[in-house]
Each structure stands twice: as structure tokens, then as C-alpha cells.
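Chemist: The structure's right below; bear with me while I get my questions together.
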Amino acid sequence: MTKANYPVEKFQGIETPFYYYDLDLLRATLEEIKTQSSRSNFDVHYAMKANVNPSVLKCIMEAGLGADCVSGGEVQAALDAGIPASKVVFAGVGKADWEINLGLENDIFCFNVESIPELEIINELAIAKGKTAQVALRINPNVSAHTHHYITTGLNENKFGINMSDLDKVTDLVLTLSNIKLIGIHFHIGSQITDMSSFQALSVRVNEIQEHFEARNISLSVINVGGGLGINYEHPNHFPIPDFEAYFKVFREHLELRPGQTLHFELGRATVAQCGSLISRVLYVKEGTSKKFAILDAGFTELIRPALYQAYHRIENLSSNLAEDTYDVVGPICESSDSFAKDYSMNATKRGDIIALRSAGAYGEIMASQYNLRKLPKAYTSDELK
């Protein structure tokens, strides 16, 4: 089994479980994003919900990416990391008043607005502060992402965004609001999308919606197509950087920008997932009636994706070069759902072996909990452990 080239000898003295970030890989990923997006009038925001580890954010800020935020806490974290407010966009179906005020006070670039009541409240709060809020309308294009139903967001049946049938009503309203400036339209159809035809379908729908606004003599400067690009969870060693070239090419070839428009992206998982791993130790190997259990000291309190989404993460025994055996790889949490993989083949395993759960840089550390009164995992980087 091909394994990550991680500094296992440095891991020996560190209490597990912990997160490990390969910042060299992150920097290479960011460089590829910049290379592929710079060929057109594209602007990339990092989706903060994927990971807000300070070392990770520092690399993202240094690369010049903006921030896509879905809470006031994320807006503040982006600003604290040095990302300019002029590059911060704020989405989310349920923005609280204090969160909107935070965005207004800092003159963030744009609020991605999802409903009529939200538009009215942003206008009301902006009037109180003597501010004008720039907004983009988040529209449901009713395009399927062909992904897990928990992370599909662009259909009429989802809670997010404005349905096409309501677009005229929302447009009529936004033009009457004194302290709202409509600058664009926003879309996000889902996450972990590897079928580029979904993005092609989105591009075609955006072209149609653009015509709707042009028919009303409304000029838009910003088109925001969200994120959603998936990664290769099965082969992180062979495909450490997603295919950004193909991703950006779809929009370059199929989405018809008008003169002066910029196309914005909100990439989270594709930016950070492959650079992170959850590092754990084997507590016990338990012999069952018909199978073996490799019981780790990490559980869904550290990495909830397998329990929540039935997600796959490649698992590597960094300590063993023995022939492979088959295990159910599970955690110590007092829940039957605390399982990382069933009937999983990896190098023969014993107590104390160091295990890496790969591609955990997105929606890993950020979703950790203290259920069972467990400690939150610490994090280390390749820069620290060189």
C-alpha cells in the first residue's frame, strides 16, 4: 500500500489524536488555483467553513484569496487572519442581526442574500448605520449536483436561496430598498462534485438568468458560482491536487460573462482537504466472531464525516509494512455509528501503531466536538515538525 510520506518519527512523541497539515502541499494547491484562475477575470474566495486552523488561514491569506463566510464568527476569523474586508463575502440562510452588523461595520464586499425577509433586515440595519450594503441574490438554479443529499443545495426543495419562481418578486423589492445595492447573483449547487457536467449545466442556467436581468435593464458586475469541486478521497497520494484546470475551463467555455463582469468562486474542500490528516493510535485489536476490530483513540468526535455522511477516508497504518489484513476500523465513542470503515484492508495492525485518516483537511478539525467529554484535538503542521 502506498502511504503518505509523513514524519512518523516526529509523531511518536505527540499525544494522539491530532491533526497534521502538510503546508507544502497546501501552498502547491494554492499556487495551482492562482495559476488556473488567473487566465480569466476570475476571483477566488476560500470557503471558511472547511477549515479555520490559523496556520492554514495564514497560507490562504498569503496566497491572496478572499473569504467566503457563513457566520459572523467566520467573518471575524477572516478579518483576524488579515484577509481584506473588500474580499469577504457573507452567505447563509439565517444571518443574525449582530452578524449583519459586523459585516456592515467592516464594509465587507458582499452579502449573498437568500430571502425577502433577509433583504429587508439588511436594509433596515444599513439605514441605522448610514451604510449601503452590497448584495448578490442567491438563486436556486434547480441544477442537481449528483452528490449526497445532505450536501446538495441548489434544488427547489432545499432550504437555501431564492427559487426561480420568486425571482421577479425579489428583484422588484431589491430595487426599492434605499440602502441596498444589487451587484450580482450567487449560486451554490452542492459539494464534493466530481462530474463536470453539473458545472456545465450550472453555466447554461446562469446564462439564462443573466438574460432575465438584462431584459429588465439591470446591470450586474458579479457572478458568483459558489464552489463544490470534489477531491479524490480514494487516492490522495496519486491525486493530491484537484483538477482545477478542468474545473475553471468549464466555466471559461460555457458561462458567458458580460463586459466588465467578474466571475467569483468559493472553494473550500478542494483547497484544503488533501493537505490534512487525522493522526491516531491503535488502542486495541479485538477479535470478533467473524472479524477483527482495529479500535483507535480517534472517533467521530475528531472526524464526524463517516458517521454523518457515510463518507470514505483512506486509512493508512504508518507503522506497519506487514501484509494486509481486514478490519473494521472504529473509534472509542459510546455510539454504534462511531465507525470509520468496515471490512477495510490495511497493513497488519497491532496496539500502538500510528494510523492516518487521509483527506481530512476539510470538515475535520472544524467539526470536532467534545461529546463524551473528550478533549478537542490539537493540530501540528509540516513547518513545525520538519
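Chemist: Using the structure shown, decide if residue 135 is part of a helix (DSSP H, G or I) and either modelled with pLDDT of 95 or more or crowded, with 17+ Cβ neighbours inside 10 Å (or both).
Modeler: Against the criterion (part of a helix (DSSP H, G or I) and either modelled with pLDDT of 95 or more or crowded, with 17+ Cβ neighbours inside 10 Å (or both)), residue 135 does not qualify.
Chemist: Considering (1) touching a residue at least 12 places away in the same chain (Cβ under 8 Å); (2) over 29 Å from residue 382 (Cβ atoms), say which one residue 301 fails and leave the rest.
Modeler: So the condition that residue 301 fails would be (2).
Chemist: Further question: Taking the residues in the range 249-287 that are assigned to a loop (DSSP other than H, G, I, E, B) and touching a helix residue (DSSP H, G or I) at 6+ places or on another chain (Cβ under 6 Å) as candidates, determine which candidate is surrounded by the fewest Cβ atoms within 10 Å (Cβ to Cβ).
Modeler: Among those that are assigned to a loop (DSSP other than H, G, I, E, B) and touching a helix residue (DSSP H, G or I) at 6+ places or on another chain (Cβ under 6 Å), it is 256.
Chemist: For residues that are among the small types (Gly, Ala, Ser) and modelled with pLDDT of 95 or more, scanning just the range 1-37, find the one that is nearest to residue 281 (Cα to Cα).
Modeler: 28
Chemist: Determine, yes or no, whether residue 24 is acidic (Asp, Glu) and surrounded by 15 or more Cβ atoms within 10 Å (Cβ to Cβ).
Modeler: So residue 24 does not fit the description; no.
Chemist: Any residue that is surrounded by fewer than 23 Cβ atoms within 10 Å (Cβ to Cβ) and closer than 30 Å to residue 319 by Cβ - is there at least one of those in the range 99-106?
Modeler: No; the residues of the range 99-106 include none that is surrounded by fewer than 23 Cβ atoms within 10 Å (Cβ to Cβ) and closer than 30 Å to residue 319 by Cβ.
Chemist: Moving on to the next point. I need a count of the residues in the range 311-329 that are buried (at least 21 other Cβ atoms within 10 Å of the Cβ) and either β-branched (Val, Ile, Thr) or closer than 22 Å to residue 5 by Cβ (or both).
Modeler: Selection size over the range 311-329: 6.
Chemist: I'd like the full set of residues that are under 20 Å from residue 30 (Cβ atoms) and either free of Cβ contacts under 8 Å to residues at least 60 places away in the same chain or of a type in the set (D, E, K, R) (or both), limited to the range 253-268.
Modeler: Listed by number, the list holds a single entry, 266.
Chemist: So residue 386 ticks every box in (1) surrounded by fewer than 19 Cβ atoms within 10 Å (Cβ to Cβ); (2) part of a loop (DSSP other than H, G, I, E, B); (3) at pLDDT 95 or above but one. Which box is left unticked?
Modeler: (3) is the only condition that residue 386 fails.
Chemist: Are there any pairs with C-beta distances below 9 angstrom linking a residue in the range 209-234 that is touching a residue at least 40 places away in the same chain (Cβ under 8 Å) to a residue that is exposed (fewer than 13 other Cβ atoms within 10 Å of the Cβ) and polar (S, T, N, Q), with the two at least 6 apart or on different chains, and if so which?
Modeler: If the second residue must be exposed (fewer than 13 other Cβ atoms within 10 Å of the Cβ) and polar (S, T, N, Q), the pairs left are 213/219.
Chemist: Among the residues of the range 160-192, write down those that are over 19 Å from residue 217 (Cα atoms), among the polar types (S, T, N, Q) and part of a loop (DSSP other than H, G, I, E, B).
Modeler: Matches in the range 160-192: 179, 191, 192.
Chemist: May I pose another question? Picking from 6, 19, which residue would you name as being over 22 Å from residue 184 (Cβ atoms), touching a strand residue (DSSP E or B) at 6+ places or on another chain (Cβ under 8 Å) and not in a loop (DSSP other than H, G, I, E, B)?
Modeler: After applying the criteria, what remains is 19.
Chemist: Being within 16 Å of residue 191 (Cα to Cα), surrounded by 16 or more Cβ atoms within 10 Å (Cβ to Cβ) and either free of Cβ contacts under 8 Å to residues at least 12 places away in the same chain or assigned by TED's automatic domain parsing to the domain that holds residue 347 (or both) is the requirement here; does residue 242 meet it?
Modeler: no
Chemist: Kindly indicate whether any position in the range 201-221 is hydrophobic (A, V, I, L, M, F, W, C), surrounded by 15 or more Cβ atoms within 10 Å (Cβ to Cβ) and not in a helix (DSSP H, G or I).
Modeler: Yes, that holds for at least one residue.
Chemist: What number of residues within the range 334-381 are part of a loop (DSSP other than H, G, I, E, B), hydroxyl-bearing (Ser, Thr, Tyr) and either in the same structural domain as residue 60 (by TED's automatic domain parsing) or surrounded by fewer than 18 Cβ atoms within 10 Å (Cβ to Cβ) (or both)?
Modeler: Total meeting the criteria: 3.
The values are calculated or read from the model by the stated rules, or taken from the named source; none is laboratory data. Since this is a predicted model, take the numbers as computed values, not measurements. Ideal geometry is used to build each Cβ from the backbone, glycine not excepted, and the neighbour counts take in all protein chains shown.
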